1. Provide the FRET efficiency to the nearest 0.05 for the GLU85-GLU45 pair, computing r from the beta carbons and using R0 = 25 Å.
2. Taking amide H positions as placed 1.01 Å from N in the peptide plane, with prolines and chain starts having none, which residues 5 or more places from CYS139, or on another chain, fall under 5 Å of its amide H?
3. Taking Cα atoms, how many degrees apart are the long axis of helix 403-412 and the longest axis of the chain, rounded to 10 and kept between 0 and 90?
4. From the residues ALA410, ALA442, HIS76, which one has its Cα farthest along the dipole of the chain in the positive direction, the dipole being from +1 and -1 charges on Cβ of Lys/Arg and Asp/Glu about the Cα centre?
5. Based on other C-beta atoms within 10 Å, arrange MET224, MET192 from fewest to most.
6. I need the phi-derived Karplus couplings for the range 375-383: 6.51 cos²θ - 1.76 cosθ + 1.60, θ = phi - 60°, integer Hz, Gly and Pro marked x.
7. Given the C-alpha centroids of the range 158-202 and the range 66-101, what is the distance between them in whole angstrom?
8. Helix 358-374 against the longest principal axis of the chain: what's the angle in degrees, Cα atoms only, rounded to the nearest 10?
Amino acid sequence: MTTPPPPGSTSPPAGGSGRLLALDRAHVWHPYGPMPGRSEPYLVESASGVRLKLADGRELVDGMSSWWAAIHGYRHPVLDEALIEQSRRMSHVMFGGLTHEPAIELAAELVELAPRAGGSASSGSASSGAPGLEHVFLCDSGSVSVEVAFKMALQAQRALGHPGRRRLATWRGGYHGDTFHPMSVCDPDGGMHSLWSGVLPAQVFVDAPPVEFDEAYAEKLVEMIARHSGEIAAVVVEPVVQGAGGMRFHDPRYLRVLREATEAYGILLIFDEIATGFGRTGKLFAAEHAGVVPDIMCVGKALTGGYLTLAAALCTTAVAEAISGGAGGGLMHGPTFMGNPLACAVARASLRLLRDGAWVDQVRLIGNGLRDGLEPLRGRPGVADVRVLGAMGVVQLDHDVDMHAATAAAVAEGVWLRPFRDLVYTMPPYVTGAEDVARIVAGVAAAATVG
Ligand SMILES: *Cc1c(COP(=O)(O)O)cnc(C)c1O
């Protein structure tokens, strides 16, 4: 910790925020940024409830849930206690050849909560897939769970005698993570494809789903699956909400169309519920809006209530049996920190809070507050669209936002937001009260109308 500040910077006072920020600038990468960063990050000292406390004493209401994760807010006593309690037993042991209660119980609870056939909304169709998602692969992060889901799909197809089915199909506008295979199914225009053309595997894309149900588009989905059924292992989509790819919502009936067509052709259906899972859209899982059960489902982000990195890929017994009977005799994946007991223990505590059911009303009230507060922005100069679903509010602009200025405008209102591209959006912790929702609305309005 004796590194001098970078040349040209003014020397900061030793030991204070200035020193930390100088070291940050000298050594620390931040997401999607150059080195050093374009603008100075805000230094957070602590967080509690729905508030982030900055080192300079300011307090910000969190409108981001730390990227969809902190659904119960910060320093929640139940989550804190689960973590402390588990740390007194063991923080980690390897998962090869060993097992433990936190992982076992978490897996069983996830299976119980996951969508299952005939479980919720009426599917109205015989082709609703296997009864449920019975098997759980625990892994480190959302992107890794997507990698595992793809590996499951490719291994299963191979084992079932379809080695030619090696590609993936999806719709445009999606986001599935930053590692290479997930990047290959991110939106080819808004994603990082242009940066990686020739490196990323070429996948099959269809247009982004329209907001409303459109019969012609539904036919397009079926046609894509039919045309490529010899070469695609799976269709992968974010159900109902496309998150980081553009915060777009679509009619859940498209998911039924995908379910029926994939089943008809023996193609697997993967739902990436990493952003939508655990109540954000108003249902515990977005798949429930359509009454559809995928063959494989990824969860992450809010799984631990935002405490630790943990994700999972769940699959049906049919997929697990295919993989396990094929060459290799198993799923060829095994991260070092698989099933980390600390992460599993805090995830169990988060699921316990969700099972209390308070989130249902909380999400609805946040949605109402966002709708009432943001709808008046429609028609303002520069505003292209306003949309709200579950506990998510989006103001889409007709131009790219000046991220630095828009963030600063929200901070001036006492709100933490992270606008990107042409989007100023919020997904607050479920425990956000009406007054703080109103403050977030003011922050979104300030960020959306800056400049
Ligand atoms: C965030 C996200 C991922 C990637 O998760 P990481 O934990 O950041 O690797 C994948 N899919 C969706 C839908 C996401 O929102």
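Read the figures in this text as sums done on the coordinates, not as results from a lab. This structure is a prediction, so every number in the text was calculated from the model and none was measured. Glycine gets a Cβ as well: all are built from the backbone with ideal geometry, and neighbour counts include every protein chain shown.
1. Details: r = 26 Å, r/R0 = 1.03.
Working from the Cβ atoms, E equals 0.45.
2. ALA311, ALA312, ALA313, GLY339
3. For 403-412 against the chain, the angle is about 60 degrees.
4. Result: HIS76.
5. On the way: MET224 21, MET192 15.
In increasing order of surrounding Cβ atoms, one gets MET192, MET224.
6. Each residue of the range 375-383 in turn: 3, x, 6, 4, x, 5, x, x, 8 Hz.
7. After rounding, the separation between the Cα centres reads 32 Å.
8. 60 degrees
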